[in-house]
Amino acid sequence: MSFNGYGVWAIYRFEMARALRTLWQSLVTPVITTSLYFVVFGGAIGSRMTEVDGVPYGAFIVPGLIMLSLFTQSIFNASFGIYFPKFTGTIYEILSAPVSPLEIVLAYVGAAATKSAVLGLIILATAACFVPLQILHPLWMLAFLILISTTFALFGFIIGIWAQSFEQLQFIPMLIVTPLTFLGGAFYSIEMLPAAWRTVALFNPVVYLISGFRWAFYGVGDVSLGISLTATLGFFFACLLAVGWIFRTGYRLKN
């Protein structure tokens, strides 16, 4: 079967239109939240801890703030995008339409990743209003932004298929991903932790994602760029395999 570009574009456009209908929630709310983070963390903590790894504290937390929003928004956009057709029963129309599983994933994950990447850039622009920013490796920054947005959109797609209620839809982002982000060096370097806790932190996969993204800004990270990139790609391919298994078995799609 040939590639159905029109079908992919139709689903993609529908998902993007849904974001535009909730523009205030999609864009303005994260900007306000980011501003509050700078007031609390930048003002309260930054006045006592001026630099981390030679980077002013206010600038140091910018990659972590972007990643925090990127993780949660990528998961939310993709999970809700595929869960809502399941909830209303229209998922059967999508599955019976002349679009392949790959095309369905491209449309839903592509729309979620696009919205998250745009949001990340908006938060970056908001942060520039508070602190002077330096991006030493802009191409690497964009590469990590797109790769992480796509990876967590795939993860959100899996959650949306797995979830059987709106409560389950919120369970993993709120109780697992967000705590792991706060414990993954979003607002500090894990080198500041005691040796035992530093070892524990290295088992947190979010550490590697934030470290690579921070390296793109300032050339410093908790782990090397190669390890960060390998961990990110590993998570990406693991999600791809999981999505492939879901469509091959029909898990919670056809029952």
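Table: residues versus (1) aliphatic (A, V, I, L, M); (2) within 20 Å of Ile159 (Cβ to Cβ); (3) touching a Leu at 6+ places or on another chain (Cβ under 6 Å).
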| site | (1), (2), (3) |
| --- | --- |
| Thr50 | no, no, no |
| Val55 | yes, no, no |
| Leu68 | yes, yes, no |
| Tyr92 | no, no, no |
| Ser100 | no, no, no |
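Do we have Ser69 as out of contact with any Asp or Glu (no Cβ under 6 Å at 6 or more places or on another chain), surrounded by 14 or more Cβ atoms within 10 Å (Cβ to Cβ) and modelled with pLDDT under 90 here?
When the stated conditions are applied, Ser69 passes them.
The residues in the range 192-219 that are surrounded by fewer than 20 Cβ atoms within 10 Å (Cβ to Cβ) and touching a Phe, Trp or Tyr at 6+ places or on another chain (Cβ under 9 Å) can be counted, and the count is 2. Considering only the range 167-179, I want to know if a residue exists there that is more than 30 Å from Thr88 (Cβ to Cβ) and modelled with pLDDT under 90. Yes, the range 167-179 contains at least one residue that is more than 30 Å from Thr88 (Cβ to Cβ) and modelled with pLDDT under 90. Only one entry in Ala111, Ala125 is of a type in the set (Gly, Ala, Ser), more than 15 Å from Phe236 (Cβ to Cβ), more than 14 Å from the chain's Cα centre (by Cα) and not in a loop (DSSP other than H, G, I, E, B), namely Ala125. Each residue in the range 15-31 was checked for being free of Cβ contacts under 8 Å to residues at least 60 places away in the same chain and either in contact with a strand residue (DSSP E or B) (Cβ under 9 Å, 6 or more places away or on another chain) or in a helix (DSSP H, G or I) (or both), and 8 of them qualify. When restricted to residues that are within 21 Å of Val207 (Cα to Cα) and in a helix (DSSP H, G or I), the range 130-169 contains 19. Are there helices (runs of 4 or more DSSP H) fully within the range 170-239 with at least 3 residues that are in contact (Cβ under 8 Å) with a residue 12 or more places away in the chain and aromatic (Phe, Trp, Tyr)? List them. Hits in the range 170-239: 205-218.
The values are calculated or read from the model by the stated rules, or taken from the named source; none is laboratory data. This structure is a prediction, so every number in the text was calculated from the model and none was measured. Heads up, the Cβs are rebuilt from the backbone with ideal geometry, glycines too, and the neighbour counts pull from every protein chain shown.
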